[in-house]
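Values in this text are rule-based calculations from the coordinates and carry no lab data. Note that the coordinates shown come from a computational prediction; the quantities given were computed from them, not determined experimentally. Positions of Cβ are generated from backbone atoms using ideal geometry, with glycine treated the same way; all protein chains shown enter the neighbour counts.
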Amino acid sequence: MKELGKNYWYLWTGCAVSTMGTYLSIIIINLFIYEVTGSPFLVGLFFLFRLLPAFFAGNIVSVLADKYDRRKMMILADLSRAVLIFSVVFLREGLYPLYFIVIGIAMCDRLYQSCLGGSIPNIVGKDKILNANSYLSAARTIGLLIGPVLGGLLASTKSYTLAFSIDSCSYLFSALMIFLMSAKFQEERPPEEKPLSMMEGLKQGYGFILARVGLLSVIIIRCLDAFGSAALNISIPIFSNKLGQLTPGLCYGLMYAAFGLGEVVGALYIARKPFITERPKEVVTGWAILFMGMFFGIALSMPSLELALIFIFLSAVMEGITCVTYNIYLQKSPDNVRGRIVGTSETAVWTSMGIGMFITGLIAEKINIVHVVQVCAILIMLGCLIHLFIWKKRNSAPEVSRSESIAEG
């Protein structure tokens, strides 16, 4: 852990705390809107507004991650999120401003993540990005576990002002941690290099991805993963109500905890084993997503909570491995386009998850949710098998093609 340096741990601490704040705000705003309006439709509309920036503006803000100083952009994103979420405290009449606040927060989220993913190789060095990504994945999982629990507790006492204040402070804390860092967040640009316009930056980023079959294929299966995972997110509460062994809330909490524990084990332990690290990242990502889909498809077919927890845990282990290897693969891109590669990937993944939640929510009204999850699992597995076949075909091609494949990362 010490070899990553104090700059990294400043970043890690800020990321863990701000992630906790992000998930706290998602829970608390959901409950806040529902309590004030009593309308599930308006709660759903909130999710739509949170996803819209990922679809329309995610790639645009990712250009900023390569165009300007990433450290300053991350501080700006954190400070903006702090101000926006704290402004909710002053809403007295009408919730409509909240939707525009959420759009602003979502755009700042995309900017922060693009800069973060693009900066890791520069902050820790390219030889240490495995450990750096493993610990960052664990930080996000910790935030994901603590945030909703804390949000639920505060909502149960109607402490909305306190909740929004805590969330705002989490972003201020993250900004402070980044401010204390002395590391370089990106490589120096040659003085003669002409700054790209926004459209030129977008074109260059898309062109880089489309010219590399391996990179495009990995992003596509990660999107399939997100699409299928949306079905899992919707099905777990329904599955919890049907088990009847314990209260639905306790079942849901146990499954949530099993997933969080599995993800930490996958990211911190399995992903760093030689049998994983010594294999091509394209292959590891493909197999990890394939098994993740298979395990979550099995989990919700189980007749008991105990068996479901085992397979949810195994699915999460695969997700932890995927997060680490996938991020490393993206971060092998050249520094001058890395922010856009990460940002484009984030945009595609969030959009896929939004589409998945919308479609799953529609068909779950008429079709057994277990069957929906199984279909999604099959789609994920088929996509991964095609991805692995493409990789094998590329690597069995003549030497020139293999050299090009290696150059792609």
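If we count other beta carbons within 10 Å of each Cβ, what is the order of 169, 108, fewest first?
With the fewest neighbours first, 169, 108 line up as 169, 108.
Taking neighbour counts of Cβ atoms within 10 Å as a proxy for exposure, in what order, fewest first, do 387, 371 appear?
Starting with the residue having the fewest Cβ neighbours, the order is 371, 387.
So for the pair residue 9, residue 184, with labels modelled 7 Å out along Cα→Cβ, what separation do we get in nm?
Distance between label points: 2.4 nm.
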